[in-house]
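The values are calculated or read from the model by the stated rules, or taken from the named source; none is laboratory data. None of these values were measured; they are calculated from a predicted model. Heads up, the Cβs are rebuilt from the backbone with ideal geometry, glycines too, and the neighbour counts pull from every protein chain shown.
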Amino acid sequence: MFYTILDDILILYQLLTIKPSKYTNYELNLYKYFYDKTKIIPSYIIIIKIEDDEFIFLFVKQDKYFEARTYLNSLRHRIVKKISIIRFDNILLNLLFNLFPDLCIHDIKIAINNIKGKYEISICFLKDLNTYHIAVGRRGKYIKAVNVLFDKHINFYTDNIPLTIKCKAVD
């Protein structure tokens with residue numbers, strides 16, 4: 001059987017489900033603080049710990065994203081963690097672009113790893129190293145957090161096939 005570009009398109013436009021873990025008191029307090037400050041109800045709050053850093057992903061509805069984004073700097077000063085406000089979208093391609101905002105994504109490539117049973121999605125950036133380093137994060141922690149997000153909390157709506165995200169610099 002041949003693998004075609006149509007298969008890539010079908011993968012990129014599949015619906016996703018987000019399954020957050022049960023909220024802890026810390027996440028509930030963060031939820032309340034975010035609502036009190038912005039008057040916006042977040043769709044999901046997911047906290048991922050990578051080494052000694054915590055990444056807080058606040059998913060908000062698309063129509064409230066730009067309003068919530070205006071509070072990002074004050075949230076980062078008040079809560080000394082790595083906070084990202086992400087526009088919630090349940091289509092894989094749109095979510096990938098929302099996870100890497102303000103960056104120039106040059107290409108997205110999909111490979112199927114039959115040994116691990118995973119889809120490996122490579123997000124390619126031009127060789128401008130500043131853009132690549134923003135996407136990967138310090139010591140690769142942001143991309144690790146995104147991969148944990150996809151491993152534990154985000155799945156395809158129809159299949160339970162895990163995803164791995166990689167960042168690459170291309171010429």
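A single entry from Phe88, Phe57, Phe97 fulfils the requirement of being modelled with pLDDT under 90, on the phi < 0 side of the Ramachandran plot, aromatic (Phe, Trp, Tyr) and touching a strand residue (DSSP E or B) at 6+ places or on another chain (Cβ under 6 Å): Phe88. When every residue of the stretch 47-59 is checked against the conditions, none turns out to be surrounded by fewer than 18 Cβ atoms within 10 Å (Cβ to Cβ) and closer than 20 Å to Tyr157 by Cα.
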